[in-house]
Amino acid sequence: MNGHAHSRRTVLTTGAAVAGAALGATALASCSGGQSQPAPKGARLAGLDEVPVGTARPVTTPDGHKIIISRRSEDEVAGFSAVCTHQGCTVAPEPEQLRCPCHNSLFDKFTGAVRGGPADAPLRPINVAIEGDDIVTA
């Protein structure tokens, strides 16, 4: 093997490794807690009348992110990414919990905590608040 072939292989191998690492870091940031708040502060998500006390409902933010908002009491709301932490499917509210339809991971609808696997990490929290008669990003 000549020196030229070796250095070309080294360049190609190193370049592929660097590209793979960059792609992996980007993917990790986009599907983990590395994401920023999915909408500007104060963006309307739903009216209070659309999320009765004790329920959760899916909404799409103005910039297209799917999230779950829940209402534990008259003055307490919570928000979570609707992306399952197991393999990225979209979770859906049920009467007692949030369920991932792909592999049946279960999450608490008021805290986002894992209730049953295979997911082993909670849903990513989204800051939400009540402003007047609306639920908005906080």
Those residues of region 119-138 which are at pLDDT below 95 and out of contact with any strand residue (DSSP E or B) (no Cβ under 9 Å at 6 or more places or on another chain) amount to none
For region 37-112, which strands (runs of 3 or more DSSP E) that fit wholly inside it have 1 or more residues that are more than 20 Å from Ala129 (Cα to Cα) and open to solvent by less than 40 Å² (accessible area, probe 1.4 Å)? none
Could you grab the pairs with beta carbons closer than 7 Å, sequence gap of 6+ or different chains, first residue in region 59-78 and of a type in the set (Ser, Thr, Tyr), second one open to solvent by 80 Å² or more (accessible area, probe 1.4 Å)? Thr60/Lys66
What residue, of Ala56, Ala17, is farther than 16 Å from Ala138 by Cβ and modelled with pLDDT of 95 or more? Ala56
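The values are calculated or read from the model by the stated rules, or taken from the named source; none is laboratory data. Keep in mind that this is a model prediction, so the values were computed, not measured. Ideal geometry is used to build each Cβ from the backbone, glycine not excepted, and the neighbour counts take in all protein chains shown. Keep in mind that these areas ignore ligands, DNA and RNA; they rest on the heavy atoms of the full protein, side chains included. Shrake-Rupley method; radii C 1.70, N 1.55, O 1.52, S 1.80 Å.
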